[in-house]
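What follows is one structure encoded as structure tokens, with my remarks underneath.
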Amino acid sequence: VDGANWGLWPLGGAWLTRHLWEHYLYTQDLDFLRAYYPIMKDASLFFFDHLIEGYEGYLVTNPAISFEQSYQLPNGKMERLCEGPTMDNQIIRDLFSNCYQAATLLDDDPAYRDSLLLLSSRLRPTEINEETGQLMEWAWPAEPARVSGQLAPLWGVNPGSGIHPLETPELAEAAKQTILFRDKYIASYETLGSWVSGTRANFWARLQEGDQAYSILRNTLDSITWSNLLVSFYPKKFFMIDGNLGTAAAMTEMLLQSHRTDNSGDVIIDLLPALPEAWKKGSIKGIRARGGFEVDMEWEEGKLQSLVIRNEKGNKCTLSYR
């Protein structure tokens with residue numbers, strides 16, 4: 001689009017393929033997966049060619065950027081180009097994992113599956129800056145040149161699923177510290193609005209911090225939502241759809257999450273994982289969960305009162321509550 005620092009970004013294509021896999025996870029429609037799996041596979045094969053061996057022997061994207069963000073060198077100089085930033089690694093690892101699962105379901109080439117596992121093992125893991133306690137955004141400790149609304153290294157929290165407070169508690173705590181630190185320095189017009197509100201609310205929901213997520217939703221409704229329920233950006237100046245989709249997604253993620261699996265590969269359905277104090281009583285009907293499940297719930301005084309799960313595909317699931 002209109003700027004290379006956000007518009008020239010090959011990882012966007014890899015991210016988009018995640019929606020194909022998510023569609024399968026919710027519907028369990030193998031015919032759909034069979035029809036669209038080649039797009040996922042081609043995206044992975046692009047990175048088979050694109051990755052090179054880089055810093056400390058990891059496979060990296062190069063040249064690369066951490067989306068929309070520059071970093072400051074020790075000599076004060078600001079740079080943007082880098083190799084193997086955290087967000088790239090998270091997206092590619094997610095793509096390779098989704099392709100491996102799809103290839104297994106469709107009984108695709110075993111050599112291709114082995115390659116996915118091998119290349120995944122050579123990607124740099126998401127790391128914590130020992131000095132700051134925050135997630136590393138680049139392959140080396142660095143500070144953003146300008147604190148903005150972008151939180152690229154939290155892609156692994158949402159929409160990715162590699163960071164979770166129960167399964168990777170240290171990374172989850174570092175993710176929280178990253179948000180809290182940057183929120184102190186972000187420009188006021190970027191603290192609230194469209195994608196900024198949507199992404200942050202979803203991060204807090206996935207980190208099971210319901211009151212933090214609710215605060216963003218409340219501010220969004222109070223400050224930047226027009227009477228027609230469209231959410232603005234640069235408050236009350238522009239319309240961007242991100243805020244509407246992100247806000248709706250955050251509301252549902254606060255009530256139900258299904259992005260984890262147990263040791264058998266069955267979906268874990270987390271019930272009321274980020275219920276805020278303000279929502280003491282409520283109900284929801286027909287909320288979807290991965291694995292082909294549909295859920296109705298009622299709660300009072302913050303506690304689950306009734307639960308109905310419709311199992312459309314005969315799959316197993318594990319329920320997680322409190």
message = Once you keep just the Cα pairs under 8 angstrom separated by 6 or more residues, what percentage relative contact order results for the range 162-234?
response = 29 percent
key: Most positive-pole-ward Cα, Ser148, Ser161, Ala14, against dipole of the chain from beta carbon charges   = Ser148
inquiry  = So if I restrict to the alpha-carbon atoms in the range 212-285, what is the Rg, and what is Dmax, the biggest pairwise distance, in Å?
reply    = 15.1, 49
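I'd like the trypsin sites (Lys or Arg not before Pro) in the range 105-152 restricted to DSSP loop residues with at most 16 other Cβ atoms within 10 Å, sorted by number. The partial results should precede the final answer.
On the way: sites: Arg113, Arg122, Arg146; in loops: Arg122, Arg146.
Passing sites in the range 105-152 are Arg122, Arg146.
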ask   = Share of the chain's accessible area from carbon and sulfur, percent, 1.4 Å?
value = 53 percent
remark   = Excluding near-sequence neighbours (fewer than 8 apart on one chain), the chain holds lysine pairs with C-alpha atoms under 21 Å apart numbering 6
task = Would you list the P(r) distribution for the range 179-256, with all Cα-Cα distances sorted into 5 Å bins from 0 and each bin expressed as a whole %?
result = 3, 18, 30, 25, 16, 6, 1
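Counting other Cβ atoms within 10 Å of each Cβ, which GluC sites (Glu not before Pro) in the range 176-280 have at most 16 and sit in a DSSP loop?
Numbers: sites: Glu190, Glu209, Glu253, Glu277; in loops: Glu209, Glu277.
Filter output for the range 176-280: Glu277.
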ask   = Got a sec? Charge dipole of the range 148-266, +1 on Cβ for Lys and Arg, -1 for Asp and Glu; which of Gln208, Thr225, Thr252 is way out at the positive end?
value = Thr225
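Can you list, largest first and rounded to whole Å, the semi-axes you get for the range 1-111 by taking the square root of 5 times each eigenvalue of its Cα gyration tensor?
On the way: eigenvalues 196, 49, 21 Å².
For the range 1-111, the semi-axes come out at 31, 16, 10 Å.
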ask   = Which percentage, to the nearest 5, of the DSSP beta bridges contained in the range 181-322 is antiparallel?
value = 80 percent
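Given Cα positions, please report Rg to Rh for the chain, the hydrodynamic radius being the Kirkwood one. Write out the running numbers ahead of the final one.
Working: Rg = 20.0 Å, Rh = 20.8 Å.
Answer for the chain: 0.96.
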inquiry  = Are there any trypsin sites (Lys or Arg not before Pro) in the range 243-293 that are in a DSSP loop and have at most 14 other Cβ atoms within 10 Å? List them by number.
reply    = Lys280, Lys281
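Please report, in debye to the nearest 20, how large the charge dipole of the chain is about its Cα centre when each Lys and Arg carries +1 at its beta carbon and each Asp and Glu carries -1 there. Could you put the intermediate results ahead of the total?
Details: 29 positive and 42 negative charges, 156 e Å.
The calculation lands at about 760 debye.
Taking the inverse of the average 1/r across all pairs of different Cα atoms in the range 168-322, what Kirkwood radius in Å do you get?
On the way: mean 1/r = 0.0603 Å⁻¹.
By the Kirkwood definition, the hydrodynamic radius is 16.6 Å.
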remark   = GNM on the chain, Cα springs under 10 Å; top mean-square fluctuation among Thr199, Thr126, Thr225 goes to Thr225
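Leaving out ligands and nucleic acids, and using a 1.4 Å probe, what accessible area per residue does the chain come to in Å²? Could you put the intermediate results ahead of the total?
Numbers: 15710 Å² over 322 residues.
Heavy-atom accessible area per residue stands at 49 Å².
The values are calculated or read from the model by the stated rules, or taken from the named source; none is laboratory data. If you're wondering where the values come from, they're calculated on a predicted model, not measured in any experiment. Backbone-built Cβ (ideal geometry, glycine too); neighbour counts: all protein chains shown. Surface areas here come from the heavy atoms of the whole protein model, side chains and all, with no ligands, DNA or RNA. Shrake-Rupley method; radii C 1.70, N 1.55, O 1.52, S 1.80 Å.
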